Amino acid sequence: MVFLTKRKNIYYYPSLDSTNLTARRLAKEGAPAYTVVLANEQLKGRGRAGRSWFSPPGKGLWFSIILRTKKLSAPQIAPLTLVSAAVLARHLRQSYNLEVMVKWPNDLLIGGRKIGGILTELSEAKDKTGQLVIIGIGLNVNHKKSDFPPALDGLATSLACATGHELDRNKLFKAIKRELFKSYRRFFRKGFAPFQELWIRYNDTLGKPVKVTWPNGSLEGEALGLSSNCALLVKDSNNVTHHVHCGEIHS
Ligand code: BTN
């Protein structure tokens, strides 16, 4: 692992295991909030539910942001994933005129295919600088269709595939970092309320029949809305409403 540059609290690595893991290590060594770890390639990119995240060199944006909070508990931090997704969707829609949708809790989709995902992880230990939050963001930017492995056929796409041209990854990174930082500061002041309308406007989940699956079970029903902590409210066929905090959504 090579440490190349540290400028304005941005750590850039040509190649590393996972930006989330490196961010967590740096945070535990004292890196302040709003430090960013960015990699050109991840050798062990991590997705939700123990999955891997395809992170080839030079194609995407793979980065993690360190946040800290003294006030919020773990459930109160959960909406940060939805804030990130909604703000990214808005930026990509406005900048590239793309129909980007957000799927609860962390997927960014174009035409039902994934162009990005968010992995929010909390540190197990609390210290006097507060609860540690690592927000990992993966965006498929300049992949050609043939760059994806067969396992992602029909499931993933990239901004280049959707726009028909390559994008300047540096420019995109700077723009979304600015918007995310602004939004996180707002979230810590005002909570999820200022972002709710945005998330609802772009969501691909509410009002639809869904099947939620977990390793040990599943639930079918209709996705009604979000709870105050952004759990998904799913009404089953007996009219019982469930608060879903995790799981895979199939719609
Ligand atoms: C998902 O949809 O499963 C979440 C994917 C998150 C991938 C990003 S890439 C940067 C950061 N580092 C990781 O190892 N994972 C996240």
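What number goes with the only condition from (1) crowded, with 18+ Cβ neighbours inside 10 Å; (2) in a helix (DSSP H, G or I); (3) over 18 Å from the mean Cα position of the chain (by Cα) that residue 189 does not pass?
Of (1) crowded, with 18+ Cβ neighbours inside 10 Å; (2) in a helix (DSSP H, G or I); (3) over 18 Å from the mean Cα position of the chain (by Cα), only one is false for residue 189: (1).
Scanning segment 8-52 for residues that are within 15 Å of the chain's Cα centre (by Cα) and part of a strand (DSSP E or B), which turns out farthest from the ligand (Cβ to nearest atom)?
Ranking the qualifying residues of segment 8-52, first place goes to 36.
For segment 75-104: of the residues being over 23 Å from residue 168 (Cα atoms) and open to solvent by 20 Å² or more (accessible area, probe 1.4 Å), which is modelled with the highest pLDDT?
Per the criteria, the residue is 103.
Condition first: at pLDDT below 95 and within 20 Å of residue 143 (Cβ to Cβ). Now tell me which residues in segment 49-74 satisfy that.
Within segment 49-74, just 51 meets the criteria.
State yes or no: is residue 156 surrounded by 11 or more Cβ atoms within 10 Å (Cβ to Cβ) and within 16 Å of the ligand (Cβ to nearest atom)?
yes
If you take the residues in segment 54-72 that are in a loop (DSSP other than H, G, I, E, B) and open to solvent by less than 50 Å² (accessible area, probe 1.4 Å), which one is farthest from the ligand (Cβ to nearest atom)? Please lay out each step first, then the result.
Within segment 54-72, the first condition is being in a loop (DSSP other than H, G, I, E, B), and the residues that meet it are 54-59, 70-72.
From what's left, open to solvent by less than 50 Å² (accessible area, probe 1.4 Å): 55-56, 58-59, 72.
Numbers: 55: 6, 56: 12, 58: 14, 59: 12, 72: 21 Å.
Filtering segment 54-72 for residues that are in a loop (DSSP other than H, G, I, E, B) and open to solvent by less than 50 Å² (accessible area, probe 1.4 Å), the one farthest from the ligand (Cβ to nearest atom) comes out as 72.
How about segment 197-210: which of its residues are open to solvent by 10 Å² or more (accessible area, probe 1.4 Å) and over 13 Å from residue 82 (Cα atoms)?
Step one: of segment 197-210, the residues open to solvent by 10 Å² or more (accessible area, probe 1.4 Å) are 197-198, 200-204, 206-209.
Within segment 197-210, 206, 207, 208, 209 qualify.
Consider segment 102-145. How many of its residues are touching a residue at least 60 places away in the same chain (Cβ under 8 Å), closer than 16 Å to residue 61 by Cα and either of a type in the set (Gly, Ala, Ser) or out of contact with any helix residue (DSSP H, G or I) (no Cβ under 8 Å at 6 or more places or on another chain) (or both)?
4
Let me confirm something: among 176, 77, which residue is within 15 Å of the ligand (Cβ to nearest atom) and more than 19 Å from residue 197 (Cβ to Cβ)?
When all the criteria are applied, what remains is 176.
List the pairs whose first member sits in segment 146-165 and is among the β-branched types (Val, Ile, Thr), whose second member is open to solvent by less than 50 Å² (accessible area, probe 1.4 Å) and modelled with pLDDT of 95 or more, and whose Cβ atoms are under 7 Å apart, counting only residues at least 6 apart or on separate chains?
Final answer for the pair search is 157/110; 157/115; 157/140; 163/98.
For residue 213, are the conditions met, namely being of a type in the set (S, T, N, Q), within 16 Å of the ligand (Cβ to nearest atom), open to solvent by 20 Å² or more (accessible area, probe 1.4 Å) and under 16 Å from the mean Cα position of the chain (by Cα)?
no
Restricting attention to segment 230-251, and to residues there that are out of contact with any Phe, Trp or Tyr (no Cβ under 8 Å at 6 or more places or on another chain), part of a loop (DSSP other than H, G, I, E, B) and more than 17 Å from residue 208 (Cβ to Cβ), which single residue is least open to solvent (accessible area, probe 1.4 Å)?
Here the residue is 240.
Just the residues that are in contact with a Phe, Trp or Tyr (Cβ under 9 Å, 6 or more places away or on another chain) and open to solvent by 40 Å² or more (accessible area, probe 1.4 Å), please, taken from segment 11-33.
12
The values are calculated or read from the model by the stated rules, or taken from the named source; none is laboratory data. Fair warning: this is a prediction, and the values are worked out from it, not measured in the lab. Here Cβ is always computed from backbone atoms with ideal geometry, including for glycine, and neighbour counts include all displayed protein chains. Heads up: the accessible areas ignore ligands, DNA and RNA and are worked out on the full protein's heavy atoms, side chains in. Shrake-Rupley method; radii C 1.70, N 1.55, O 1.52, S 1.80 Å.
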